[in-house]
Amino acid sequence: MNKELLEAENDRGLAEAAYRTSLLPGAAEASAEVSDKQIADLKTRLLDLQQKRAQLLLTDTEESPEVKDATQQIATIEKQLADTRSSAKQIINTNLESNYRKALAREIRRAEGSPRR
């Protein structure tokens, strides 16, 4: 077996492992949380709004306009955060699947070009 085929098999194995790992429950989400600045920014904004709302509730009721506004902003940020996480997960999975398929195709090309075992 030639060196190029061994490298192609190794690359495919690594790409396949990364892709299959991303399909495990929570794996892609965890990766997205670590790598996505937008998610980090939304989480920071959400925490700030939750703290603001808690502070307002020390002196105001749930019915006060300021508390209602903060509550609405929190709901909006939570929706944006869920949407962003979902999108990031999909992008990660798509990229890893694409890398795996490219590595598999390269391995097949190398195997077809090498002498039979």
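The values are calculated or read from the model by the stated rules, or taken from the named source; none is laboratory data. Since the model is a prediction, treat every value here as computed from it, not as a measurement. Here Cβ is always computed from backbone atoms with ideal geometry, including for glycine, and neighbour counts include all displayed protein chains.
Points to keep in mind about this one:
- Of all residues in segment 28-87, those that are closer than 30 Å to residue 17 by Cβ and of a type in the set (Gly, Ala, Ser) total 9.
Every residue, every condition in (1) surrounded by 12 or more Cβ atoms within 10 Å (Cβ to Cβ); (2) among the acidic types (Asp, Glu); (3) outside any helix (DSSP H, G or I), yes or no:
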residue	(1), (2), (3)
28	yes, no, no
32	yes, no, no
54	no, no, no
58	no, no, yes
62	no, yes, yes
69	yes, yes, no
78	yes, yes, no
88	yes, no, no
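- Residue within segment 91-106 that is of a type in the set (Gly, Ala, Ser) and touching a residue at least 60 places away in the same chain (Cβ under 8 Å) present: yes
- Segment 61-78: number of residues that are of a type in the set (Gly, Ala, Ser), over 20 Å from residue 43 (Cβ atoms) and touching a residue at least 12 places away in the same chain (Cβ under 8 Å): 0
- Looking only at residues of segment 1-51 that are of a type in the set (D, E, K, R), farther than 17 Å from residue 97 by Cα and modelled with pLDDT of 90 or more, we find that the one that is farthest from the chain's Cα centre (by Cα) is 7.
- Hits in segment 72-101 - residues which are within 30 Å of residue 56 (Cβ to Cβ) and not charged (D, E, K, R): 72, 73, 74, 75, 76, 77, 80, 81, 82, 84
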